[in-house]
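Structure first, commentary second.
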Amino acid sequence: MEKYFLYDEHLGIEIPHLQEDWEEIPEKMQHAILLKWEQVRGKIPDRIKELEHSINTKQHYLNNEE
């Protein structure tokens with residue numbers, strides 16, 4: 001499955017990385033890819049909360065730096 005996803009350090013999630021046309025991927029693998037993507041998508045709200053917390057912490061630090 002690693003062949004079809006790459007971890008994006010900036011986003012903090014795996015993103016699809018297809019090196020062939022979707023139609024060329026066997027149907028069973030297409031289903032596995034879609035399942036994996038649904039799992040990744042399910043983590044996005046949590047990742048957003050992590051980023052918001054990080055941003056808020058940094059803003060708080062900057063506001064109190066004076």
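The numbers here are math on the coordinates, done by the rules we state, and not lab data. As the structure is a prediction and not an experimental result, all values here were calculated from the model. Note that each Cβ is placed from the backbone with ideal geometry, even for glycine, and that neighbours are counted across all protein chains shown.
Here are a few things to note about the model shown:
- Summing charges over all other residues whose Cβ lies under 12 Å from the Cβ of residue 58, with Lys and Arg as +1 and Asp and Glu as -1, gives -2.
- Correct choice for percent of Cα pairs over 16 Å apart that was computed from the model, options [x] 58; [y] 54; [z] 41: [x]
- Angle between the chain longest axis and helix 27-63 axis [Cα atoms, degrees, rounded to 10]: 10
- Annotation: amide H of residue 14 within the under-5 Å range of 8, sequence separation 5 or more or interchain, hydrogens built in the peptide plane.
- Per-residue 3J(HN,Hα) values for the stretch 14-21, derived from phi via the Karplus relation 6.51 cos²θ - 1.76 cosθ + 1.60 with θ = phi - 60°, read 7, 10, x, 9, 8, 9, 9, 5 Hz in sequence order (x marks Gly and Pro).
- Cα-based Lys pair tally, the stretch 2-63, threshold under 20 Å, eight or more apart or on separate chains: 4
- Mean separation of Cα contacts under 8 Å, 6 or more apart, over the residue count of the stretch 2-63: relative contact order %: 24
- The dipole here belongs to the chain: it is taken about the Cα centre, uses +1 on the Cβ of Lys and Arg and -1 on the Cβ of Asp and Glu, and is about 280 debye.
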